[in-house]
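Visitor: Could you have a look at this structure, given as structure tokens, before my questions?
The values are calculated or read from the model by the stated rules, or taken from the named source; none is laboratory data. Predicted, not measured: the structure shown is a model, and the values here were computed from it. Positions of Cβ are backbone-derived with ideal geometry, glycine not excepted, and every protein chain shown enters the neighbour counts. Protein only, heavy atoms only, side chains kept; ligands, DNA and RNA dropped before computing areas. Shrake-Rupley method; radii C 1.70, N 1.55, O 1.52, S 1.80 Å.
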Amino acid sequence: QVQLVESGGGLVQAGGSLRLSCTTSIRTFSTYAVGWFRQAPGKEREFVAGINWRGSITDYADSVKGRFTISRDNAKRTVYLQMNSLKPEDTAVYYCAAKPVAAGRDGSDYEYWGRGTQVTVSS
């Protein structure tokens, strides 16, 4: 059974940093793209960042561009989301998801999902 497990969430003050990790059991992980999504209470899930299978193409939502960085280590089957200059509006449950080859902004295109990790940014 394929699993994606997020970790690294927590409580941080505004302006602080967190690094989220998404570790997967997908055997052919090096052929999969990964996206990070988030969902705040009362809001719809939204795309945050994505990275293609090689790590050569990344994409970011405008709201996080310049503050968040997505990267991957295929040998460790792990994708990271470095989040700097965090704002209270970044508070949400963060999910990672995987799909073959190319990342995209539509969550319905993703094949596998993790259970999420809570990020809370206090003002």
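Visitor: Counting only Cα, what are the radius of gyration and maximum Cα-Cα distance Dmax of the range 14-69, in Å?
Guide: 12.9, 37
Visitor: Given C-alpha coordinates of the chain, what is the ratio Rg to Rh with the Kirkwood estimate of Rh?
Guide: Rg divided by Rh gives 0.94.
Visitor: Considering only protein heavy atoms and a 1.4 Å probe, what is the carbon-and-sulfur percentage of the accessible area of the chain?
Guide: The computed percentage sits at 45.
Visitor: Rounded to two decimal places and with Rh computed the Kirkwood way over Cα pairs, what is Rg over Rh for the range 65-123?
Guide: 0.98
Visitor: Sticking with this one: Amide H of G55: which non-local residues (sequence gap of 5 or more, or other chain) have their own amide H closer than 5 Å, using H built in the peptide plane?
Guide: Long-range HN contacts for G55: none found.
Visitor: Something else about it: Rank these by accessible area, largest first, 1.4 Å probe: V119, V5.
Guide: V5, V119
Visitor: Would you grab the residues whose amide H sits under 5 Å from the one on A102? Only those 5+ places off in sequence or on another chain, please, with H modelled 1.01 Å from N.
Guide: A33
Visitor: Could you tell me which residue out of T24, M83, Y94 lies farthest along the dipole of the chain toward its positive end? Charges go on the beta carbon: Lys and Arg +1, Asp and Glu -1, centred on the Cα centre.
Guide: About the Cα centre, the residue reaching furthest to the positive side is T24.
Visitor: Around T91, which amide H atoms from residues at least 5 apart in sequence, or from another chain, sit under 5 Å from its own amide H, with H modelled in the peptide plane?
Guide: V121
Visitor: Right, next: Got a sec to turn the phi values of the range 30-41 into Karplus ³J(HN,Hα) couplings, 6.51 cos²θ - 1.76 cosθ + 1.60 with θ = phi - 60°, whole Hz, x for Gly and Pro?
Guide: 5, 9, 10, 8, 10, x, 9, 10, 9, 9, 8, x
Visitor: Still on this structure, please answer the following. With +1 assigned to the C-beta of every Lys and Arg and -1 to the C-beta of every Asp and Glu, and no other charges, what is the dipole magnitude of the chain about the Cα centre in debye, to the nearest 20?
Guide: Using only the charged Cβ atoms, the result is roughly 320 debye.
Visitor: How high is the relative contact order of the chain, in percent, with contacts defined as C-alpha pairs under 8 Å that are six or more residues apart?
Guide: 36
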